[in-house]
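A.B. asks: Structure provided below as structure tokens; questions to follow.
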Amino acid sequence: MHDCSLPILGQDIHGFDARGVAKRFRHAAIFGALGALTPGETMRFVNDHDPIPLLNQIAQHFGDSVGVRYVAREPGQIVIDFTVR
């Protein structure tokens with residue numbers, strides 16, 4: 001489903017739709033994707049639920065080197081930008 005309120009992805013914004021990744025692989029895939037980004041790049045993460053435990057793990061692992069900004073926070077439609085600093 002397309003949401004016109006979300007900005008179009010730019011060259012430094014890379015989409016990651018967690019809904020299409022098997023649950024047992026999700027965290028590993030997310031950490032791998034974040035680790036592959038270079039400073040200034042953003043991973044736009046889409047999920048069906050608010051991943052609070054994942055956000056805590058990302059904060060512990062990456063510290064201040066990864067910024068977190070919610071783009072959408074509606075039930076069933078969570079979009080978060082993770083930006084490498």
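A.B. asks: Can you give me the number of residues within the stretch 65-85 that are surrounded by 12 or more Cβ atoms within 10 Å (Cβ to Cβ) and either in contact (Cβ under 8 Å) with a residue 60 or more places away in the chain or under 15 Å from Arg19 (Cβ atoms) (or both)?
C.D. replies: The qualifying residues number 7.
A.B. asks: Can you name every residue in the stretch 30-49 that is in contact (Cβ under 8 Å) with a residue 12 or more places away in the chain and over 13 Å from Asp81 (Cα atoms)?
C.D. replies: Within the stretch 30-49, Phe31, Thr38, Pro39, Asp48, His49 meet the criteria.
The rows are residues; the columns are (1) within 13 Å of His14 (Cβ to Cβ); (2) part of a strand (DSSP E or B); (3) modelled with pLDDT of 95 or more; (4) among the aromatic types (Phe, Trp, Tyr).
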{"site": "Ala28", "(1), (2), (3), (4)": "no, no, yes, no"}
{"site": "Leu34", "(1), (2), (3), (4)": "yes, no, yes, no"}
{"site": "Pro39", "(1), (2), (3), (4)": "no, no, yes, no"}
{"site": "Arg44", "(1), (2), (3), (4)": "yes, yes, yes, no"}
{"site": "Gln60", "(1), (2), (3), (4)": "no, no, yes, no"}
{"site": "Gly63", "(1), (2), (3), (4)": "no, no, yes, no"}
{"site": "Arg69", "(1), (2), (3), (4)": "no, yes, yes, no"}
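A.B. asks: I've got another one for you. Yes or no: Ala18 free of Cβ contacts under 8 Å to residues at least 24 places away in the same chain and hydrophobic (A, V, I, L, M, F, W, C)?
C.D. replies: So Ala18 fails the test.
A.B. asks: Let me ask something else about it. I'd like the full set of residues that are surrounded by 12 or more Cβ atoms within 10 Å (Cβ to Cβ) and not β-branched (Val, Ile, Thr), limited to the stretch 50-64.
C.D. replies: Asp50, Pro51, Leu54, Leu55, Gln57, Ala59, His61, Phe62
The values are calculated or read from the model by the stated rules, or taken from the named source; none is laboratory data. Computed from a predicted model, the values in this text were never measured in an experiment. With ideal geometry, Cβ positions are generated from the backbone for all residues, glycine too; neighbour counts draw on all protein chains shown.
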